[in-house]
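A short write-up of the structure that comes next.
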Amino acid sequence: MSETLLIPNEEDAKSIILEADELWSFVLKKENTVWVWIVLCRKTRQVISYVIGYRSKDTCQKLWESGPFAYSAGHCYTDFWSSYQAVIPKKQHTAVGKETGETAHVERWNNTLRQRLGRFVRKTLSFSKSTFMHYICLSLFLHRYNLERASILK
């Protein structure tokens, strides 16, 4: 995915402001809950990191470690979920409520994902039969989404 990401400008602190969130989905049946964790660059609106897993500290750790090095010094806005506070360094993290608007872009992106991919809609007849296919579908969507964002911004 890194080949589709725009490189942040080192002189522009706003180019590494990040927003993180997680959204619920399922595989095969609603009892098989999986969470899609996303880190979005606020300036470019590109998804710089994502992971599918449980709503746990371990999954959050994988998310934070999977981000490109160019964004590793970025400041991240999240909701108050305790996993974020446990994983993201305090100097780089601010937990905020939705009313602040600091996570508005990633929340909107979650809606975009649900609108464009039927398998991520809450009440749907479209669903993934395996976690692997869920991941592949998400990866293909993100690759195309990031390419579109890059072509708009260049």
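The values are calculated or read from the model by the stated rules, or taken from the named source; none is laboratory data. Keep in mind the model is a prediction, meaning the values are calculated, not measured. Ideal geometry is used to build each Cβ from the backbone, glycine not excepted, and the neighbour counts take in all protein chains shown. To get the accessible areas, we keep the full protein, side chains included, count just its heavy atoms, and leave off ligands, DNA and RNA. Shrake-Rupley method; radii C 1.70, N 1.55, O 1.52, S 1.80 Å.
Observations on the structure shown:
- Over the chain, relative contact order from alpha-carbon pairs under 8 Å, at least 6 apart, %: 25
- Straightening the chain between Asn9 and Phe132 buys 40.8 nm, computed as 0.36 nm per residue apart minus the Cα-Cα spacing.
- Point-charge dipole on Cβ atoms (K/R +1, D/E -1) for the chain, about Cα centre, debye to 20: 620
- Low-density loop positions, GluC sites (Glu not before Pro), the stretch 7-85 - DSSP coil, at most 16 other Cβ in 10 Å: Glu10, Glu11
- Positive dipole terminus of the chain, leading residue within Ile88, Phe69, Gly101 (C-beta point charges): Gly101
- Mean accessible surface per residue for the stretch 4-78, computed with a 1.4 Å probe while every protein chain stays in place, in Å²: 48
- Spacing of the two label points (7 Å from each Cα toward its C-beta) at Tyr54 and Ser151, in nm: 4.1
- Principal-axis tilt of helix 131-153 within the chain, Cα atoms, nearest 10 degrees: 40
- Rounded to two decimals, the Cα-based Rg/Rh of the stretch 1-126, with Kirkwood Rh, is 0.96.
- Counting only Cα atoms, the size of the stretch 1-44 along its three principal axes is 47, 20, 10 Å, in decreasing order.
- All alpha carbon pair distances within the stretch 1-74 were sorted into 5 Å bins beginning at 0; the resulting P(r) in whole percents reads 3, 16, 25, 21, 15, 10, 6, 3, 1, 0.
- For His93, the residues whose amide H sits under 5 Å from its own are Cys76, ignoring neighbours fewer than 5 places away on the same chain, with H placed 1.01 Å from N.
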